[in-house]
């Protein structure tokens, strides 16, 4: 029998602690003398919760990959929607809308070359529409030969299969279909039928090496039952494969290839994940966090990564997103968690610095001069501002900050104070008083933009600070205030805000502002990762156009905004600090709840994990 040394060309090493691990350790074995255990880096299966979709839905189609996914149509319970969302590996962005709103349609292709076909239309029933996506908009293509919904899709935009499904125009039973149609990028033609008719089947693979599995079986007169049957397509004919361990229909996510497929959840509501290697099915030890069915899926590395988007949980439609991984890595999902509470609760406060070295100052109610520092665990009261005020612009770090303008009780002020880590001292005054402005940059190279002037009008003006005085900068395209801001004096970012600028984003290049990607939801009085950059920032919570505090979080990559995990407690007019992967949300109003709440955001973390080897 071959030894470990024969196989790997090395002996088992002994360490008194586990080594610093990376992907090169996969398959290697070592002995940890401190714990008396043999350890190795081996692949294991897990599911991680990801950022939810912007809108919950069931019955959507999926296309693309785990880093460039597409969710097509669906039912928001109600209505049936034409909305599509794009997933970038971290969150969702609104994509182009379908021309025809549909649910339970088939999907194929990629995020930039997608295909949506068939489905169920309101007041009509089974649909035969087929549309193509170019990454921004949908175009009508030639129709399916047979109108159907609950259809399974396989392949690409130019080489797809539409498999099985159900016809009819209402809830009354209609025959399940075994029909298969083939798409060549222009037209649909009749193909070889499946051996077993079904609806809501799972599907994976290509139009020359496809897989259809599970689904609702016939006869409809006896009610829908599930099948475990699976069939493989070789480009010419369908052959029976081995059955799934558990019969399911309407999977929460379906993805992969004929030889490496993943079917997640399913109806009745389930958390199970079933995998296929081209010969046999297995039940994964990993399970979904949210039991559900009738979702959408995308594929990453076939057989090792896959996504489940939305669906229907036991009682409601959901926007939940989960990622399956078979990997040597442990993935810790991005999330908000409670931080240490402020000593002095308030809103309309200023903030800057990092998550573990933050500064919070000023605010209301009533107007305050309090200043506090944060070490990542707790807040400490330090010396107050020289002038108590709220709605300031903020810039800098925990030891070198600016408190810019604001409202000292009524009106606005030109006051600008500099913090040296111990005391506030007067800095160069603003050319004109303003409140609700957005600050960015450092104490010696700051940017302050927008806001409300002394008479009470929103303004477009921007000012640049050199450490001693302010000079005029480029004007915003439109007046706004109470918006999120981050970046630097030469690469600034302003997003959301009042004056109906809820979703607008502007980027500054050191002389002028230009429009950036629009936020998906947007807000005013939102918090920001103040020490983020123009290409990596997050905005969180705030107030929507209905004057309701919200929990939304969105991240910006320099081009577009996408969803991130929501904050736990909705607040508005909050302070912020940190970066796009380590942010801080401080204070905020209104009631219910106190104004001293703090939350910390941590981005997704992926680490190589060792496993203890046992004899059992």
By residue number, the members of segment 481-515 that are under 19 Å from the mean Cα position of the chain (by Cα) and surrounded by fewer than 20 Cβ atoms within 10 Å (Cβ to Cβ) are 503
Which one is surrounded by the most Cβ atoms within 10 Å (Cβ to Cβ), of the residues in segment 260-271 that are under 17 Å from residue 326 (Cβ atoms) and more than 23 Å from the chain's Cα centre (by Cα)? 261
Here's a check for you: in segment 147-198, which residue that is crowded, with 22+ Cβ neighbours inside 10 Å and touching a helix residue (DSSP H, G or I) at 6+ places or on another chain (Cβ under 9 Å) is modelled with the highest pLDDT? 166
Criterion: more than 22 Å from residue 240 (Cα to Cα) and surrounded by 21 or more Cβ atoms within 10 Å (Cβ to Cβ) - qualifying residue of 324, 276: 324
Across segment 247-281, the tally of residues that are farther than 17 Å from residue 57 by Cβ and either touching a helix residue (DSSP H, G or I) at 6+ places or on another chain (Cβ under 8 Å) or outside any loop (DSSP other than H, G, I, E, B) (or both) stands at 14
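Given the options 429, 395, name the one that is more than 22 Å from residue 531 (Cβ to Cβ) and modelled with pLDDT of 95 or more.
Working: 395 fails: more than 22 Å from residue 531 (Cβ to Cβ).
The unique qualifying residue is 429.
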Tell me which residues, restricted to segment 94-108, are in a strand (DSSP E or B) and surrounded by fewer than 22 Cβ atoms within 10 Å (Cβ to Cβ). 94
Within segment 516-527, tally of residues that are under 17 Å from the mean Cα position of the chain (by Cα) and in contact (Cβ under 8 Å) with a residue 40 or more places away in the chain: 5
Among the residues of segment 111-123, what is the count of those that are part of a loop (DSSP other than H, G, I, E, B) and at pLDDT 95 or above? 5
Looking at segment 282-297 only, could you name the residues that are closer than 22 Å to residue 333 by Cβ and not in a strand (DSSP E or B)? 284, 285, 286, 287, 288, 289, 290, 291, 295
Meets criteria (in contact with a helix residue (DSSP H, G or I) (Cβ under 6 Å, 6 or more places away or on another chain) and either at pLDDT below 95 or over 23 Å from residue 102 (Cα atoms) (or both)) for residue 220: no
If you scan segment 412-441, which residues turn out to be under 21 Å from residue 476 (Cβ atoms) and either within 37 Å of the chain's Cα centre (by Cα) or free of Cβ contacts under 8 Å to residues at least 40 places away in the same chain (or both)? 413, 414, 432, 433, 434, 435, 436, 437, 438, 439, 440, 441
If you check 425, 414, which single one turns out to be surrounded by fewer than 20 Cβ atoms within 10 Å (Cβ to Cβ) and in a loop (DSSP other than H, G, I, E, B)? 414
For segment 346-357, what are the residues that are surrounded by 20 or more Cβ atoms within 10 Å (Cβ to Cβ) and in a loop (DSSP other than H, G, I, E, B)? 346, 348, 349, 355
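The values are calculated or read from the model by the stated rules, or taken from the named source; none is laboratory data. The shown structure was predicted, so the numbers you read here are calculated from the model rather than taken from an experiment. So basically every Cβ, Gly included, is an ideal-geometry build from the backbone, and we count neighbours across all protein chains shown.
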